[in-house]
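Structure first, commentary second.
The values are calculated or read from the model by the stated rules, or taken from the named source; none is laboratory data. None of the values given here were measured: they were computed from a predicted structure. We place every Cβ from the backbone using ideal geometry, glycine too, and count neighbours over all the protein chains shown.
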Amino acid sequence: MNMKSLLVSTALGLAMLVPGTVLAKDLTVAIQNNLTGLDPTNVNDTLSQTSLRLIYQGLFGFDKDMKLVPLLAEDYDSNADATEFTIRLRHNVTFHDGTAFDAEAVKVNLDRLRDPANNLSRRSLVSMISDVQVVDDHTVKLILSQPFGAMIASLAHPGAMMISPAALKEYGSEIGRHPVGTGPFVFDRWSADTLEVKRNDAYWKEPAKVDGVIIRSVPESGARMAMLQTGEAQFVPNFPPELMKVVENNPKLEVTTSPSIVEYYVSLNNNKAPFDNKLVRQALNHAVDKDAFCKIVFSGLCTPADSIIPSGLAFHVTAGEYAYDVEKAKALLAEAGYADGFTADIWANSNTESLRAMQFIQQQLAQVNVTLNVVPLEAGVAAQRIWSIESADKAEVQMYYGGWSSSTGDADWGIRPLLLSESAPPAMFNVAYFKDADVDAAINGAIGTANPEERAGFYATAQELAWEGAPWIFLGVADLISAQTSDLSGVHMLPDRGFLLEDAAFAE
Amino acid sequence: MLSYLIKRLLGAIPVVLMVTLAVFAFVHLLPGDPARLVAGPEATAQDVEAVRTALGLDKPLPQQFATYLSNTVQGDFGTSLKTRRPVAEEIGMRLMPTIWLTVFAMVWAVAVGLLIGVISAVRRGRWPDYTGMIVAVSGISFPPFWLGLLLINLFSVRLGWLPTGGYGTWQHFIMPSFTLGLGVAAVMARFTRSAFIEIAREDYVRTARAKGVPERRVIWRHSLRNALIPIITMVGLQFGFLLGGSIVVESVFSWPGVGRLLVDSVSYRDYPVIQALVLMFSLQFILINLLVDVLYVFANPEIRYK
């Protein structure tokens, strides 16, 4: 061995010992919470759903702006009243276990999900399908029991992603521990707080540029920040705004902000006085400074709301503006007979951000003599007192601060569960108990057609009417923040707080 | 001794049964609907009912308890409502990290705590005593949360010597076991010091000195041995608490342990996991108490169990 090769091997040996000089290019993502499961049809949190997009794909999906795109489907058409959808499938796609992806696989998946006996928690995505017909190897036809214009958007939801029929047969209800999909990465390991996936070299698109992805749950935000600084993690989605300064001062790190589809509001129980009076509801909207809300609650990373749904959702229109005007608010309250104001309870989940928001609303409404009692509720208690009530007339809630994100990216799931009169708890989430026959008609009209132009018309009407009816105090749409190392590209936050990692790549 | 141990273990059975019933009652009395929480924030009433049926939460409570008890006796702790993995597996993959962290933290903390305590007692009122007690009081007063982040910032971010968190090599143990053990070491030091000062007033210590036993022997044989009984009790208690997993340390160092699992399970109303964990913690305490009683015999041969 000559001197030169000795030096080289010593240097290589040293390089192996020094942490941080790992040669394999795995992407490590540090997230706050633990994943709850790996069966996409049976998980309910955005983090698990979005992580599963590494392994699984649906017939349709979303691009980084959350616009609907075909994935395992090539295209589709439907009849005029949205009761039949014919979907043509992509050729030459195989699952990770070698099973071919074809019309039969789609039928197995959709039949499994919609079968009530399977008790899958995402069943409502496809419960309106009454029959799945295999037309030929690469064409399926869905027959619906009732018109549903948002069908394709529902199929883009992660809950409707395609699982290998062979794996379903082999593992049955244990499929959540042995995920087999068609996605860019193959499942490797899931331990207490880490999910590891490896590149799928037989991917039907161009294989991923990173060798694998590791999703680690790191509950403490300071620790996620430290991992980014040491290079132990390269991407931190949902980054806390208070740490942005640290990242901005570090040349090796980058922070990105983008608008979300999470809109925040205070819902007012329209069944209960004084909120049964539209003038009162409108007055409260004039009494709250939405720009200040964004500054105080979200450090300015937020846009005031201009409709009942955020602008990032399909079919959004600007519905109007409740200008901040305390005098006008007072006049409206006087007109409604509440010149001396009133007292009410405001509820929200117990966390720092919600508390800050409730206190802000409390302070704003004090200007118009409305006294609020701030009541934070632990998540389990909130579930029981707000959502799992026996019937609408037993609802105790007066005001509720919360947010909503439409996980199908469509106006339907942004409006129907929240403002259709039939959606009052316990059925769905109309915690304002808003009941407006014209809004109901518009929402149902939109469901009754698959024609995008007609749907747009119905949703514009619904937004304008509901805005004027003021079931909520409209607040703002929060921004998303993510941080990453500068050598990483191709990772994106999705507006629903999920993320896309398929195109991740490291600079050489 | 052996018959005593068997008697003690049999005596533990009613305690465990009571704990089982109490925990079951307690988790089911907690306000909150687990089916709703499992079904997620977007679930319709129909989805929630599907989940309720799938999890067996639609059955009457006595029936649920009977099922739970008979399954538990057979060693089946059920399935986590949240992840749908077997509870035994959920706990299993987090138990060893917590046990190892506890052992590492206890070993250094007890050794250092004892040493500081003894030195402080022997040099009472002089600078080693003051230094020792300042260190001990600081150790108790340091919020582990803040200390943990400080250590990460220094040793991981600035110096790059240690990983920020996670469970893996021996390097991963250094900062969490230091953070976890610091409070214990401080308590041990204060406790040892006062126990030691107490003993030093005893007649046999004076006698030992009077008959010319070397000071070193007086300290380590005569005094420490007799001070050991309360110290062992204290170590046992601390050990039992730490085995429950430290939520703060496990969170700061993203340690996959049982403390975080318990907190997550409570906020998710994951009944089977909460029940199994609390049952396990109570068993751990019973065993540690037993162990402490046995250790008394070695510390003080006058103690006999019949």
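Miscellaneous remarks
- Filtering the stretch A:216-246 to residues that are of a type in the set (A, V, I, L, M, F, W, C) and either closer than 17 Å to A:Glu353 by Cα or assigned to a helix (DSSP H, G or I) (or both) leaves A:Ala223, A:Met225, A:Ala226, A:Met227, A:Leu228, A:Phe239, A:Leu243, A:Met244, A:Val246.
- The stretch A:444-466, subset out of contact with any helix residue (DSSP H, G or I) (no Cβ under 6 Å at 6 or more places or on another chain) and buried (at least 23 other Cβ atoms within 10 Å of the Cβ), residue farthest from A:Lys245 (Cα to Cα): A:Ala450
- Note on the stretch A:418-440: residues that are in contact with a Phe, Trp or Tyr (Cβ under 9 Å, 6 or more places away or on another chain) and surrounded by fewer than 19 Cβ atoms within 10 Å (Cβ to Cβ) total 1.
- Hey, A:Asp345 in contact (Cβ under 8 Å) with a residue 24 or more places away in the chain, at negative phi and either within 14 Å of chain B (Cβ to nearest Cβ) or out of contact with any helix residue (DSSP H, G or I) (no Cβ under 8 Å at 6 or more places or on another chain) (or both) or not: yes
- Flag if A:Ser405 is touching a strand residue (DSSP E or B) at 6+ places or on another chain (Cβ under 9 Å), within 11 Å of another protein chain (Cβ to nearest Cβ) and over 30 Å from A:Ala156 (Cβ atoms): no
- The residues of the stretch A:482-508 that are surrounded by fewer than 21 Cβ atoms within 10 Å (Cβ to Cβ) and touching a Gly at 6+ places or on another chain (Cβ under 6 Å), listed by number, are A:Asp503, A:Ala505.
- Helices (runs of 4 or more DSSP H) (entirely within the stretch A:88-203) containing at least 3 residues that are over 28 Å from A:Asp410 (Cα atoms): A:165-171
- Residue within the stretch A:357-375 that is under 20 Å from A:Asn430 (Cα atoms) and of a type in the set (Phe, Trp, Tyr) present: no
- Taken over the stretch A:211-230, the residue count meeting the criterion of being surrounded by 24 or more Cβ atoms within 10 Å (Cβ to Cβ) and more than 7 Å from every other protein chain (Cβ to nearest Cβ) is 5.
- Index of the failed condition, A:Ser311 passing every other in (1) touching a helix residue (DSSP H, G or I) at 6+ places or on another chain (Cβ under 9 Å); (2) closer than 27 Å to A:Ala411 by Cα: (1)
- Selection over the stretch A:351-377 of residues that are surrounded by 15 or more Cβ atoms within 10 Å (Cβ to Cβ) and within 13 Å of another protein chain (Cβ to nearest Cβ) gives a count of 1.
- Residue in the stretch A:455-464 that is under 17 Å from A:Gln146 (Cβ atoms), part of a helix (DSSP H, G or I) and not assigned by TED's automatic domain parsing to the domain that holds A:Gly149 present: yes
- Any hit, the stretch A:297-304, residues being in a helix (DSSP H, G or I) and either crowded, with 23+ Cβ neighbours inside 10 Å or of a type in the set (Asp, Glu) (or both): yes
- Test for B:Leu287: is it within 14 Å of another protein chain (Cβ to nearest Cβ) and under 15 Å from the mean Cα position of the chain (by Cα): no
- All positions within the stretch B:80-114 that are among the hydroxyl-bearing types (Ser, Thr, Tyr) and facing chain A (nearest Cβ under 10 Å): B:Ser80, B:Thr83
- Contact annotation: residue pairs with Cβ atoms under 6 Å, 6 or more positions apart or on different chains, pairing a residue in the stretch B:151-162 that is at the interface with chain A (Cβ under 9 Å from one of its Cβ atoms) and in contact (Cβ under 8 Å) with a residue 40 or more places away in the chain with a partner that is of a type in the set (A, V, I, L, M, F, W, C) and part of a helix (DSSP H, G or I), are B:Ile152/A:Ala226.
Let's see how each residue does on (1) over 16 Å from A:Trp472 (Cβ atoms); (2) not polar (S, T, N, Q):
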residue	(1), (2)
A:Asn285	no, no
A:Ala292	yes, yes
A:Lys295	yes, yes
A:Gly300	yes, yes
A:Ala314	yes, yes
A:Glu327	yes, yes
A:Lys330	yes, yes
A:Thr343	yes, no
A:Glu353	yes, yes
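- Any hit, the stretch B:48-58, residues being of a type outside the set (S, T, N, Q), within 32 Å of the chain's Cα centre (by Cα) and away from chain A (no Cβ under 14 Å): no
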